[in-house]
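Structure, as structure tokens:
The values are calculated or read from the model by the stated rules, or taken from the named source; none is laboratory data. For clarity, every value in this text was computed on a predicted model and none was experimentally measured. Here the Cβ positions follow ideal geometry from the backbone for every residue, glycine too, while neighbour counts run over all protein chains shown.
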There are 2 protein chains.
Amino acid sequence: MTDRSYHHGNLRSALLERAEEVLAAAGAEGLSLRALARDLGVSHAAPSRHFRDRQALLDALAVGGFTRLNARLQAEADAPGPVAARLAGLGRAYLDFAVTHAPLLDLMFTAKHAEGSSEELRELGHHSMAVAAGLLAAGQQEGAVRAGDPARLAQVAFSALHGLAALAVGGLLDDTPLPEATELTLDVLLAGLTPVAAGAGG
Amino acid sequence: MTDRSYHHGNLRSALLERAEEVLAAAGAEGLSLRALARDLGVSHAAPSRHFRDRQALLDALAVGGFTRLNARLQAEADAPGPVAARLAGLGRAYLDFAVTHAPLLDLMFTAKHAEGSSEELRELGHHSMAVAAGLLAAGQQEGAVRAGDPARLAQVAFSALHGLAALAVGGLLDDTPLPEATELTLDVLLAGLTPVAAGAGG
DNA sequence: TCATCATTGTAGTCAACGACAACATTGGCA
DNA sequence: TGCCAATGTTGTCGTTGACTACAATGATGA
């Protein structure tokens, strides 16, 4: 490990690890394969052995991001408690992830991906929404959520949270503390998802 | 105009115009000052007379986008009719703009801007939300919108639409037609904004 | 009328980058 | 043990953004 006379040993992982640091610090624009190679003490062409081009590295980062996000969302969805509370937990978890890893999230959802990995990324994105859809379907069973295709309702719910994250990261939320904006969004969203003629919960 | 022996005449406008075409076709990543100069038949350094650097050009594009968007939103807000209908109109107009000018919208809302113009852009973004806030305040007067700071409710409404646009552009909406997703989002959103114990309108 | 000079465009250069090709080293496997 | 695929290196090319020095233009004012 510490030797690495010629072969690095696990350059791919090291590249991803360092890339994530740079991504968080400087955004995707600031990510350079050559700078990464320098940081890791390898030649400027070494990264090409593990990532066909810069885009492939970005795609890999996005995949890693989705994997972590989905695990976290799944955990929230599987938590005990009433559906409404779990939905709120899901939303808070998403917002937390989004603002903590803003450039990564941008990479994950912006459609600038190669043909090949676009498929995998789309699938991972769908999984995120599927988690929400499952929860909404459970809510419908309980009578806590309005009727309708859970997948489409999940798109709506996801939109609200994703948009709030985008606004927060973009600095458009002004002096409104994100937690407050989050709670209000969840409140409005859950009220909107409640079946007609059932009171909106606080 | 057709002569332009040495001075182009209106290179700045021409740059912006061409840049917008390239932006729409290839995204911000595909925008190169040198390519722009080539397209316009000027030297590679000519653009620097009008835009200090690449970022300045991107910022100018974002400003132009906000100006057009805000004009359109304002028109929708000023239209006759009940508040709910105008809010829906606002939402549809925003979604239409967003998907029609996806790379431009990304430029407008993503926080990758220079210090100086960041101020102007933030202000323009606030104006967009202020339009919605004004409409929501009017809705509160009519009793059609729940109580609360209209500015914060506008953040919520904006989030929902902005997020939906992001999902649509990112291809996460699958086979759901955007108009349907839009209507469902507006439906849920307006229901969520309706005062408690008042029926949700269709 | 003509000199002046700020504006606007040009030519040249530099460092950094992504991509590619040719070559070197390594370690595992037959 | 020798071969070979995987992995890393060196060298190079074309493109880009940024910078500097220089040139043309046209408006201003004496």
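Note on segment A:3-18: residues that are part of a loop (DSSP other than H, G, I, E, B) and away from DNA strand C (no atom under 12 Å from the Cβ) amount to 1. List every residue pair whose Cβ atoms sit under 8 Å apart, with the two residues 6 or more apart in sequence or on different chains, where the first one lies in segment B:131-144 and is within 14 Å of B:ALA77 (Cβ to Cβ) and the second, anywhere, is modelled with pLDDT of 95 or more and acidic (Asp, Glu). Close Cβ pairs (under 8 Å, with a partner that is modelled with pLDDT of 95 or more and acidic (Asp, Glu)) do not exist here.
Does A:SER117 satisfy being under 20 Å from the mean Cα position of the chain (by Cα), surrounded by fewer than 19 Cβ atoms within 10 Å (Cβ to Cβ) and touching a residue at least 60 places away in the same chain (Cβ under 8 Å)? The answer is yes for A:SER117. Checked against the criterion of being at pLDDT below 95, farther than 28 Å from B:ALA98 by Cα and hydrophobic (A, V, I, L, M, F, W, C), segment B:34-57 has no qualifying residue.
Only residues that are surrounded by 13 or more Cβ atoms within 10 Å (Cβ to Cβ), within 14 Å of chain B (Cβ to nearest Cβ) and near DNA strand C (Cβ under 8 Å from one of its atoms) were counted across segment A:37-63, and they come to 2. Out of B:LEU172, B:LEU167, B:LEU189, B:LEU184, one residue alone is in a loop (DSSP other than H, G, I, E, B), within 7 Å of chain A (Cβ to nearest Cβ) and either touching a residue at least 12 places away in the same chain (Cβ under 8 Å) or of a type in the set (A, V, I, L, M, F, W, C) (or both). It is B:LEU172. In the condition set (1) within 16 Å of DNA strand D (Cβ to nearest atom); (2) not in a loop (DSSP other than H, G, I, E, B), B:PHE51 is compliant with all but (2).
Checking each residue in segment B:19-30 for being assigned to a helix (DSSP H, G or I) and buried (at least 17 other Cβ atoms within 10 Å of the Cβ) picks out B:ALA19, B:GLU20, B:VAL22, B:LEU23, B:ALA28.
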